[in-house]
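Please treat every number below as a calculation from the coordinates, not as lab data. Here the structure is a predicted model, which means the values were calculated and not measured. We place every Cβ from the backbone using ideal geometry, glycine too, and count neighbours over all the protein chains shown.
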Amino acid sequence: MANIKELSEKIPERLSPGHRLCAGCGASIAVRQVLMGTEDPVVAVACTGCLEVATTIYPYTAWNIPFMHNAFENAASTISGVETAYRALKKKGKIKKNIKFVAFGGDGGTYDIGLQALSGALERGHNFVYVCYDNEAYMNTGIQRSGATPYGASTTTAPAGKVIPGKVQFRKDLTAIVAAHKIPYVAQADVSHWNDLVTKAQKAFSVEGPAFLNVLSMCHRGWRFQQEDTIKISKLAVETGFWPLIEVENGNWRFTFKPKERKPVEEFLKTQGRFSHLFKEENKQIIADIQKEIDNNWARLEHLCEASCKVA
């Protein structure tokens, strides 16, 4: 497990303060914690999104490591090329250092527009870590719904009103899709559980081949909550089972944290303006449907974890 004393002594920060991400943004917390997962030199890429535009406003940068901005859809392609060039140069003896590679993408650039590039990079087996900072919508361009947006959430392209009660589809299970590629390491994490996230980052950087971290990253603008409530709401996502903390290590599934008793998902939903319409009498069935989906997913994960234990 990650050691907080050792982490606190790591200087300098690889993502410096003074960037222009919102106060309370989950993405910056996720990036800082992930980059604590290795002491080796790191090269990072990030596709267009909140993280990129707010940390690299010309002529400034918040990155204290080599950083490359790429298009919305090709973070995985870019890091594949960089990692391949590194291996070629190392083989020729022109580079001696052991260098790690990490790509960051939001859910829009990962669940949706960048999924093809990600799948290809995973299938080819490049040695890199891909991190999805999942804020559950296209936040940088105006809070449009994405494949990660939860059922019932109100966004600018799936607004709650008389016609629809927010998004009418359940979100994509990207973690399971990535796990189906049979790569060495896949995990879901949350910025509220720092030890869990940093430990998973350490594992991800240590494996040979691709690794993937899906990190729930709160957005107070899109989710509509007070900036100071980021970690409180993040914890509720875990405690209700809305965002299970799991990992898939060499095909073996396991929970890395299980609440003693899961809270009703209503406790999580009521903290955010994007779900406020669900508490109207005519929409309360949607809350029941969300709870049923969470319960079914939890049972599925328990089955996968139990099966992995039997195989092990």
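Ordering Asp295, Asp173, Asp112, Asp196 by the number of other Cβ atoms within 10 Å of each residue's own Cβ, fewest first, gives Asp295, Asp173, Asp112, Asp196.
With 10 Å bins beginning at zero, the pair-distance distribution over Cα atoms of region 175-215 amounts to 33, 54, 14 %. D by Stokes-Einstein for region 21-174, Kirkwood Rh over Cα pairs, 20 °C, 1.002 mPa s: 129 µm²/s.
Using 0.36 nm per residue of separation minus the Cα-Cα distance, give me the extension gain between Val207 and Val53 in nm, one decimal. Intermediate values should be presented prior to the final figure.
Details: separation 154, 0.36 × 154 = 55.44 nm, distance 3.01 nm.
Full extension from Val207 to Val53 adds 52.4 nm.
Its Cα centre serving as origin, region 142-264 has a Cβ charge dipole (Lys and Arg +1, Asp and Glu -1) of approximately 440 debye. Distance distribution P(r), region 209-297, all Cα-Cα pairs, bin width 10 angstrom from 0: 15, 42, 32, 10, 1, 0 percent.
Placing +1 on each Lys and Arg Cβ and -1 on each Asp and Glu Cβ, with no other charges, gives the chain a dipole about its Cα centre of roughly 620 debye. Label-to-label distance for Phe170 and Glu13 is 3.9 nm, based on points extended 7 Å past Cα in the beta-carbon direction. In the chain, the longest principal axis of the Cα atoms and the axis of helix 284-311 are about 40 degrees apart. Would you mind telling me the antiparallel percentage of the DSSP bridges in region 34-178, rounded to 5? DSSP beta bridges in region 34-178 are roughly 10 percent antiparallel.
Calculate how many DSSP beta bridges within the chain are antiparallel, expressed in % of all such bridges and rounded to the nearest 5.
30 percent
Straight-line cross-link partners of Lys270 among the lysines, defined as a Cα under 25 Å from its Cα and at least 8 positions apart when in the same chain: Lys162, Lys167, Lys172, Lys232, Lys235, Lys258, Lys260, Lys280, Lys284, Lys292. Would you mind classifying region 45-95 by shape? Square roots of the alpha carbon gyration tensor eigenvalues, ordered a ≥ b ≥ c; an a/c under 1.5 is rounded, otherwise it is prolate if a/b is larger than b/c and oblate if not. Here region 45-95 falls in the oblate category. Ordering His181, His126 from the fewest to the most neighbouring beta carbons within 10 Å gives His181, His126. For the chain, dividing the convex hull volume of the Cα atoms by the residue count gives 134 Å³ per residue. When only Cα pairs below 8 angstrom with a gap of at least 6 residues are kept, region 142-212 shows a relative contact order of 22 percent.
Dividing the mean sequence gap of close Cα pairs (under 8 Å, 6+ apart) by how many residues the chain holds gives a relative contact order of 17 percent. Ordering Pro59, Ala103, Leu304 by Cα displacement along the dipole of the chain toward the positive end leaves Pro59 in first place; charges were set at the Cβ atoms of Lys, Arg (+1) and Asp, Glu (-1).
Between Thr84 and Asn296, full extension at 0.36 nm per residue minus the direct alpha carbon distance yields a gain of 72.2 nm. Could you state the angle between the C-alpha long axis of helix 26-35 and the longest principal axis of the C-alpha atoms of the chain, as a value from 0 to 90 degrees rounded to the nearest 10? Relative to the chain, helix 26-35 is tipped by roughly 30 degrees. Distance between the modelled labels on Gln285 and Thr156, one decimal in nanometres: 3.2 nm (7 Å Cα→Cβ projection). Rounded to the nearest 10 degrees, the angle from helix 194-206 to the longest Cα principal axis of the chain is 40 degrees.
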